[in-house]
Amino acid sequence: MKYLLSVLIGASSYGILSTIVVLAYGQGYQLGEVVGTQLLTGCILAWLLAMYTAWKERSKGKRLGAAGPVAGSEQSEATAAHSPKLTWKHRLLLMLAGMPTAITGLLYYQSLRYIPASLAIVLLFQFTWISVLIQAVSKRQRPNGIMLFTLVLLLGGTLLAAGLMEQKETSFPAIGIALGLLSAVSYTLFILFSGKAMPSVHPAYRSAWMITGGLVLVFILFPPYFLFNGLLWSQLLLFGFLLGLFGAFIPPVLFAVGVPHIGEGMAGILGAAELPVAVLLSSFVLREHVTMLQWGGVIVVLLGVMLPELYKMRARTARRLT
């Protein structure tokens with residue numbers, strides 16, 4: 001349950017981002033500045049956590065070492081088995097695995113320039129079936145009935161919650177549609193890589209290197225002029241800190257903890273929790289009007305998120321009774 005909650009909270013953190021980005025764009029900040037400050041602050045937070053983790057492990061090792069040679073030896077063996085030494089090859093792999101995080105932000109934030117936020121969210125949430133499809137192909141297993149029914153609920157609820165059924169406009173720029181769909185693919189890759197990239201390494205170290213990879217990519221694509229022209233010390237710093245905390249720090253750490261234990265397919269479904277959070281914040285913070293039909297979609301999405309686990313709990317209960 002703690003691993004499920006870890007992924008659920010991490011996904012919910014992503015739901016906060018769209019509100020912050022809208023506020024940042026309202027102040028005139030550009031894509032590279034928003035994503036750059038997001039990953040910069042997220043990277044700093046991640047490395048602070050990694051350094052604290054390393055200090056804590058060293059302190060624990062010293063205490064056990066002082067208790068005697070046997071205890072110290074046991075601790076060294078346990079640490080080595082749990083936290084293998086990272087070579088530069090391993091660090092590079094983790095950095096590459098973290099780049100989809102940055103790519104997702106760039107694609108999704110840029111899509112908001114061309115299409116309504118409701119449609120952008122719908123397109124981003126196509127990762128729910130993309131992740132299940134990739135898992136089914138890679139493992140050569142067909143999704144079971146409960147998984148397929150869950151995906152139908154998620155897709156239907158997403159359409160309602162995003163308000164797409166009430167949109168009067170029927171045509172949107174092709175570039176906006178393409179960017180939204182590509183953000184869904186990138187988000188799926190992030191979920192997959194989170195579970196496969198050096199899972200034996202401590203989540204704090206994994207997250208730090210993965211976020212660093214995303215930061216390097218963004219700084220290559222968008223040189224960080226805001227670091228030198230004084231723009232960083234404006235409201236951009238606040239927006240960047242919030243985006244870094246809820247977009248580049250909390251989700252990768254929690255995904256690194258939870259995804260290896262629950263699997264990529266379930267992680268993809270739990271990721272749908274982002275949408276209800278986004279709708280709630282758009283209503284209460286941005287003062288956007290949310291119709292009853294949209295709230296109905298939010299409830300359907302929540303049911304879709306809970307359904308697989310309720311099914312598993314029922315199956316476990318039935319096995320115990322028999």
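For this structure, a couple of remarks:
- Flag if residue 271 is within 19 Å of the chain's Cα centre (by Cα) and of a type outside the set (A, V, I, L, M, F, W, C): yes
- If only residues of the stretch 286-301 that are assigned to a helix (DSSP H, G or I) and β-branched (Val, Ile, Thr) are counted, the one that is nearest to residue 19 (Cα to Cα) is 298.
- Filtered residue count, the stretch 234-285, keeping only those that are outside any helix (DSSP H, G or I) and not hydroxyl-bearing (Ser, Thr, Tyr): 2
- Every residue from the stretch 116-137 that is surrounded by fewer than 20 Cβ atoms within 10 Å (Cβ to Cβ) and not in a helix (DSSP H, G or I): 116, 126
- Among the residues examined, residue 283 qualifies as out of contact with any His (no Cβ under 6 Å at 6 or more places or on another chain), surrounded by fewer than 21 Cβ atoms within 10 Å (Cβ to Cβ) and farther than 30 Å from residue 95 by Cα.
- Residues of the stretch 260-299 classified as at positive phi and modelled with pLDDT under 75, total: 1
- Residue match in the stretch 30-51 (condition: in contact with a Pro (Cβ under 6 Å, 6 or more places away or on another chain) and either at negative phi or modelled with pLDDT of 85 or more (or both)): yes
- Looking only at residues of the stretch 214-232 that are modelled with pLDDT under 90 and part of a helix (DSSP H, G or I), we find that the one that is farthest from the chain's Cα centre (by Cα) is 231.
- Top-ranked residue of the stretch 160-184 - restricted to ones that are of a type outside the set (Gly, Ala, Ser) and buried (at least 19 other Cβ atoms within 10 Å of the Cβ), ranked as modelled with the lowest pLDDT: 160
- Just one of the listed residues (246, 228, 255, 239) is aromatic (Phe, Trp, Tyr) and more than 18 Å from residue 17 (Cβ to Cβ), namely 228.
- Complete set of residues in the stretch 29-48 that are without any contact (Cβ under 8 Å) to a residue 60 or more places away in the chain and part of a helix (DSSP H, G or I): 48
- Single condition residue 243 does not satisfy, out of (1) under 20 Å from the mean Cα position of the chain (by Cα); (2) surrounded by fewer than 17 Cβ atoms within 10 Å (Cβ to Cβ): (2)
The values are calculated or read from the model by the stated rules, or taken from the named source; none is laboratory data. Every value quoted in this text rests on a predicted model; they were computed, and no experiment measured them. Here Cβ is always computed from backbone atoms with ideal geometry, including for glycine, and neighbour counts include all displayed protein chains.
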